[in-house]
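J.: Below is the structure I would like to discuss, written out as structure tokens.
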């Protein structure tokens, strides 16, 4: 499957971050849907399931951790990989606690971000140090 | 006895019945007196209060359990005994000091008189509770000579010789209060560092993202000059990110919250990775590595890498551009591996060598301010190495460069498995 067939949903309350991640992913041809409101994911998922969801943890008035729990508890969305993306220094523990499939710590290297996203689509089974998704 | 005879003489017209009643009354008094003498002899009575119409006279007994009395007398807490009416029948000098009164103006007086007005109601309630429920506790503030003194009052009801009394211990809790306030201030500081670092990282993320996108676009267009300039911007952004990370690490080390993710990893592969990355970023110094055979280490790979990076960055920072940095490793007794980083830089004065791993410490010299840094890197490195049961050290001479080294235990899988089986 080509990158252009892959849809990535990103939720962050910082419009700059959305633009940056969106542009970075588009350099590889991914389809990107961004929102400053993480709750939009449920509307979006209902009509067009994304292949990966990137979620900020602290968004104005919305807790990314709750959104992750809801996604993981619903039949429709439970198998979509969720990656937390945050400047929180405890991001690794938070990702483990809320059963996210991985995390990206802010600030991030463009190359690392792409490596991680590409890796999701390249391997059926992998388990690296910072990326603990096992499909 | 004289008093008794006098009573009889002044009542010579009494009938036989009156006299009988009087004898009975006097016998009762005599028995009571005997009982008191017996109680005093056994050490059950500490003080006797004689009620007069004008005042109460209190007689304390010097002989009653001397060791116990000295102990109470010498303790820092104020110690009191109150009778049912709230009169102080015993006080040690600590309580007298607390209320700033001579002891003779304390004993025999009502306890409530010594309580600041604002607390009288609550202390009266405390006493009532203690009388009813055996004990009570509450905090009040005494207006001391120099400053306000927060005091914890602990009241206990005692049964003394068939009667009841209230013991009161007044503990100065100034230190506890200060410790509490200090702890709160520290928590506030930690919270501030967490929030500040998050808030600092957010714009840094945006700057870094845009810089990297711009660099990508320049690279695509073949404009290598612009791309290289943006790489330099990115290196500076990474320095800023590392400083924020150091502040957070110090906070976590202080609170014992620094997380370690243990894994078995190849030491030389890590060293080479870090050297490659450092050379790419620093560019100013050739790094010559002479590594011995590699060993497996059990520990946090990222954090050990952070230590090596820190030593290399320091070596570069404190030596002239172009000078060589030597990295060497060696294996001792097949169970320890050590790594040293040697520079030809400014060195460290002898009297400052033992402080080099302290938090916020920076070598002081004439050129001190020409070197950037918070003085956290070596402190964090030392903590990380200590947590891996390793040792870290330095050999240096002012003007003649420094050699920083650390040593870590080698991971022996067989040994570990045997140990866990045994």
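Since every read-out is calculated from the coordinates, none of them should be taken as a lab result. All figures in this text were calculated on a predicted structure; none of them were measured in a lab. All Cβ positions, glycine included, derive from the backbone under ideal geometry; neighbour counts span all protein chains shown.
J.: How many nm separate the modelled label positions at residue B:413 and residue B:272, each set 7 Å beyond the Cα in the direction of the Cβ?
T.: Output for this residue pair reads 2.0 nm.
J.: On to the next question. Hey, fewest Cβ within 10 Å first, where do A:103, B:379 land in order?
T.: B:379, A:103
J.: Follow-up question, since we're still on this one. If you take every DSSP beta bridge whose two residues both sit in chain B, what share of them, in percent to the nearest 5, is antiparallel?
T.: 95 percent
J.: What is the distance in Å between the Cα centres of the range B:398-412 and the range B:170-191?
T.: 40 Å
J.: Further, regarding this structure: In the protein assembly as shown, what % of DSSP beta bridges are antiparallel (nearest 5)? It would help to have the intermediate numbers written out before the result.
T.: Details: 59 of 80 bridges.
About 75 percent, rounded to the nearest 5.
J.: Here's a follow-up. Would you mind calculating the relative contact order of chain B from Cα pairs under 8 angstrom and at least 6 residues apart, reporting the percent as a whole number?
T.: Relative contact order here is 8 percent.
J.: If you don't mind, there's one more thing I want to ask. Taking the Cα atoms only, what angle lies between the long axis of helix B:301-317 and the longest principal axis of chain B, rounded to 10 degrees?
T.: 70 degrees
J.: Right, next: What residue among B:259, B:181, B:29 has the largest mean-square fluctuation in a Gaussian network model of chain B, using Cα springs under 10 Å?
T.: Among B:259, B:181, B:29, the largest GNM mean-square fluctuation belongs to B:29.
J.: What are the semi-axes of the equivalent ellipsoid of the range B:272-406, taken as the square roots of 5 times the eigenvalues of the Cα gyration tensor, listed largest first and rounded to whole Å?
T.: Ellipsoid semi-axes (Å, largest first): 23, 17, 14.
J.: In what sequence do B:68, B:411 fall when counting other Cβ within 10 Å, fewest first?
T.: B:68, B:411
J.: Using Cβ counts within 10 Å as a stand-in for footprinting exposure, how do B:114, B:265, B:360 rank, fewest first?
T.: Exposure proxy ranking, most exposed first: B:360, B:265, B:114.
J.: Shifting gears a bit: How many Å³ per residue does the convex hull of the Cα positions in chain B occupy?
T.: Details: hull volume 123.1 nm³, N = 422.
Output value, Cα hull per residue: 292 Å³.
J.: Along the Cα-to-Cβ line of residue B:85, 7 Å from the Cα, sits a label point; which residues in the range B:101-127 have backbone N less than 13 Å from it?
T.: B:108-111
J.: Quick one: length gained pulling residue B:187 to residue B:358 fully straight, 0.36 nm per residue minus the C-alpha distance?
T.: Extending this stretch completely gives an extra 59.4 nm.
J.: While we're here: Can you give the average number of partner chain beta-carbon atoms within 10 Å of each beta-carbon in peptide B:200-211, as a whole number?
T.: That average works out to 6.
J.: Just the number, please: percent antiparallel of the DSSP beta bridges in chain A, rounded to the nearest 5.
T.: Antiparallel: roughly 10 percent of the beta bridges in chain A.
J.: Now, a different point. Does anyone have the angle between helix B:267-282 and the longest principal axis of chain B? Alpha-carbon axes, 0 to 90°, nearest 10?
T.: Around 70 degrees separate the two axes.
J.: Using only atoms on other chains, find how many Cβ atoms lie within 10 Å of each Cβ of peptide A:103-115 and report the average.
T.: 4
J.: Between A:102, A:61, A:29, find the one with the highest GNM mean-square fluctuation for chain A; connect C-alpha pairs within less than 10 Å.
T.: Result: A:61 has the largest fluctuation of those listed.
J.: Something else about it: Can you show me the helix-derived [θ] at 222 nm for chain B, built from DSSP H runs with n ≥ 4 at -39,500 (n - 2.57) apiece and divided by the number of residues, rounded to the nearest 500.
T.: So the calculated ellipticity at 222 nm is -16000 deg cm²/dmol.
J.: Using Cα pairs closer than 8 Å and at least 6 residues apart in sequence, work out the relative contact order for chain A, in percent.
T.: 19 percent
J.: I've got another one for you. What relative contact order, as a whole-number percentage, does the range B:263-419 give when Cα pairs under 8 Å and 6 or more residues apart are counted? Kindly include the intermediate steps, with their values, before the conclusion.
T.: On the way: 287 pairs, mean separation 39.0, N = 157.
Relative contact order of the range B:263-419: 25 percent.
J.: Using Cα atoms only, what is the angle between the long axis of helix B:174-221 and the major principal axis of chain B, expressed in degrees (0 to 90) to the nearest 10?
T.: For helix B:174-221, the angle is close to 20 degrees.
J.: Round to a whole angstrom and tell me the spacing of the C-alpha centers of the range B:222-299 and the range A:1-58.
T.: Going from one Cα centre to the other spans 30 Å.
J.: With label points built 7 Å along Cα→Cβ from the Cα atoms of residue B:19 and residue B:350, find their separation and express it in nm.
T.: With each label point 7 Å from Cα toward Cβ, the separation is 10.7 nm.
J.: Using Cα centres only, tell me the gap between the range A:92-118 and the range B:87-139 in whole Å.
T.: Measuring centre to centre over Cα atoms gives 63 Å.
J.: Suppose the chain between residue B:261 and residue B:199 were pulled fully straight at 0.36 nm per residue; how much longer would it get relative to their current alpha carbon spacing?
T.: Result: 19.7 nm gained on full extension.
J.: Which three extents, in whole angstrom, do the alpha-carbon atoms of the protein assembly as shown cover along their principal axes, largest first?
T.: Largest first, the protein assembly as shown extends 136, 68, 54 Å along its Cα principal axes.
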